[in-house]
1. Quickly work out the B:V178-to-A:L159 label distance, labels modelled 7 Å from Cα along the C-beta direction, and quote it in nm with one decimal.
2. Taking each pair of different alpha-carbon atoms in the stretch A:2-279 once, compute 1/r for the pair, average those values, and report the inverse of that mean as the Kirkwood hydrodynamic radius in Å to one decimal.
3. Return the subset of A:K81/B:K231; A:K55/A:K219; B:K152/B:K231; A:K81/B:K337 for which the Cα-Cα distance in this structure is over 28 Å, preserving the input order.
4. With axes computed from alpha carbons, what is the tilt in degrees of helix A:93-116 against the longest principal axis of chain A, rounded to the nearest 10 within 0 to 90?
5. Modelled label-to-label distance, B:H59 and A:F114, 7 Å Cα→beta-carbon offset: nm?
6. Which one, A:P140, A:F158, A:S205, projects farthest toward the positive side of the charge dipole computed for chain A from Cβ point charges (K/R +1, D/E -1)?
7. How big is the equivalent ellipsoid of the protein assembly as shown along its three axes, where each semi-axis is √(5λ) from the Cα gyration tensor, reported in whole Å from largest to smallest?
8. Looking only at other chains, what is the average number of their beta-carbon atoms within 10 angstrom of each beta-carbon in B:263-272?
Amino acid sequence: MIQLVQVLLLGLMLGGVYALMASGLTLIFGVMRIVNIAHAAFILFAAYLAFWAFKIYHIDPMVSVLFTMPLMFFLGMGIYKLVFPRIGESRQFTSMTVLLTFSLALIVEGVMGFLYSGIYRSANPPYTTRALLLGPFYLPAAQLYATLLSLILLGVLFLFLRFTRTGRAIRATMQNRTAAQIVGVDVERISTLAFGIGMALAGASGSLVSFLFTFFPAKHWQWIGTLLALIVLGGMGSLSGSVVGAFLLAVVAAYLGHFYGPTWSPITFYLALFLILLIRPQGLFGKKLEA
Amino acid sequence: MPENPLTEEVLDAREEAYLRPAAKPTVDSRKFFLSSLLLVLALFPVLQIVSGQFNYWLHMLLFTFMNITMAASWNIIGGYTGYISLGHNVFSGMGGYVAGALLVFYGLSPFLTAPLAGAFAFLLGLLVGLITLRTRGSAFIIATIALVLLAKLGLDNLELLGGTNGVSLPLPPLPARVVKLPFYYGMLLTAVGAVYTSYRIRHSKFGLGLRAIAQDETKAEVAGIPTSQYKILAFAISAFFPGMAGALWAYYLTYLRPTIYFAVLGAAEVVLMTLLGGRGTVSGPVLGAALLVILNEFFVAKFGSTELNIAGTGLLMLLVLLFFPDGIVGTLRERRKLPRFLDWG
């Protein structure tokens with residue numbers, strides 16, 4: 001019994017980080033209907049930044065959020081301006097954007113592979129080996145801190161979307177792009193901004209990934225599979241859905257890993273994806289999957 | 001009269017037919033080109049039998065046939081129908097594993113079981129299509145990525161077939177001088193089959209329906225096209241020939257290994273070939289595959305780095321998408337400068 005609760009806690013502590021990773025992807029899909037296949041590649045890119053900052057300048061990966069986020073924010077806006085306005089409102093929008101982000105993912109992966117080689121990396125600040133004891137349960141410090149920071153960032157995102165003018169404009173664009181435009185929202189500006197924010201969230205996730213997991217350039221394919229499963233489960237474009245989906249699947253994966261061995265735990269996400277598409281294509285909270 | 005994008009196409013075609021000169025040229029350059037190309041390819045191995053110096057060329061041609069099969073098949077779902085599959089190498093990989101397993105456990109030659117591997121890929125495509133193509137939009141794309149990852153994860157953990165290490169397959173007992181020949185002809189046949197299927201689909205009512213779906217799925221549905229069935233069938237057909245080619249390719253490489261058969265770069269190259277040649281055209285994928293094989297060979301010989309290869313593939317894809325979205329054949333046709341020997345419909 002104690003062991004089962006322990007596994008639950010471990011799952012929940014990863015769930016926060018998964019939620020942060022998925023939130024950027026969801027935001028980008030929600031506002032622009034772009035499935036950003038390159039999202040995990042950018043997360044890994046930020047993870048490398050955080051890793052080297054730790055290795056060379058001894059900057060704590062948790063603190064590196066302070067520069068990975070703004071850096072990825074501006075990088076994201078630049079990429080959006082450079083790549084996406086060209087396709088506009090074409091009929092083949094879905095297939096075009098997917099192919100574009102797919103090629104971005106390949107470029108980022110290739111550049112990372114060229115610069116950093118395929119060596120497995122992981123930052124090791126002192127708290128990665130520590131654990132807190134809570135009664136009979138132990139909580140690994142790294143996971144705990146990472147999830148707390150994720151939840152704080154998600155909270156800030158929520159407040160921003162809820163209470164600021166720009167945040168309201170973003171939510172309006174997510175609900176109905178055309179209607180938002182009619183009531184005077186500068187949809188193009190909002191899209192650029194949302195892409196930047198989504199990428200900033202990828203930057204923050206990268207800082208956390210740098211000490212939570214071992215990574216190498218090609219790892220992002222596995223991550224994007226996981227993230228896509230999360231956002232499909234949550235209902236694409238629904239932020240709260242992706243958060244719930246993240247916690248749910250993280251816990252299921254933890255149990256699966258506990259009972260059948262860790263090599264099988266990633267299968268949770270892929271199987272979940274097919275199951276959801278089979279049973280409830282609109283996800284837990286979402287509207288129908290159309291783009 | 002209802003607005004239908006297809007009527008315009010019919011009218012255009014009619015107008016074009018009226019404007020064409022009345023007298024037909026005595027030799028159809030397209031037929032001439034294609035039959036002489038096939039004849040040269042069919043007779044090429046004679047050089048190898050006589051001199052034994054052409055193994056490298058046989059290998060390059062074989063590899064090109066493999067890629068033509070992949071690109072022409074991908075084009076059926078990704079080009080005609082407009083649904084992007086980002087994991088099409090899952091079908092060649094699974095085809096390889098099915099035929100490889102039959103060889104290892106039952107001693108059945110992949111030359112005989114290749115159609116079986118194709119049928120397996122077809123059924124897999126049908127199953128995945130049934131799950132993901134009932135809805136529109138992004139679900140399908142996401143599922144195709146997940147499918148590759150799932151297949152790799154499953155086979156990595158399948159100890160029966162060597163897990164991550166895979167298993168090695170025995171070569172057919174033939175002297176080195178001619179050992180490549182059965183593979184060469186098998187792959188040539190598969191490629192011809194894939195391209196011919198693509199051509200027949202393009203000129204059928206089914207193909208017209210697929211192109212209508214790519215243009216505007218709602219209108220296609222209103223016009224009475226059973227869109228879901230068409231999409232699912234198109235995906236399954238696009239899986240068949242890759243499954244067959246994968247069976248031959250695995251036997252040719254003499255091993256099965258998940259990391260190599262289910263790499264995303266493989267899927268990306270198929271997409272790039274079709275985009276480069278011209279998405280939705282019959283000859284485009286063939287041209288694109290041949291060009292990319294040459295380009296890759298040059299690139300690897302010059303730089304030899306797989307990381308740069310990945311970045312290069314991505315960059316080329318990005319540039320083609322942004323500045324050359326119709327590909328070579330599509331652009332030439334748009335400007336009415338497509339040479340007749342490349343105009344396969």
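1. With each label placed 7 Å out from Cα toward Cβ, I get 8.0 nm.
2. Values: mean 1/r = 0.0524 Å⁻¹.
Hydrodynamic radius (Kirkwood, Cα pairs) of the stretch A:2-279 is 19.1 Å.
3. A:K81/B:K231; A:K81/B:K337
4. Its long axis makes an angle of about 40 degrees.
5. It is 2.6 nm.
6. Towards the positive end, the residue furthest out is A:F158.
7. Details: eigenvalues 366, 193, 96 Å².
Three semi-axes, in Å: 43, 31, 22.
8. Details: counts 2, 9, 5, 0, 1, 6, 1, 0, 4, 4.
Average per residue, whole number: 3.
Read the figures in this text as sums done on the coordinates, not as results from a lab. All of these numbers come straight from a predicted model, not from anything done at the bench. Note that each Cβ is placed from the backbone with ideal geometry, even for glycine, and that neighbours are counted across all protein chains shown.
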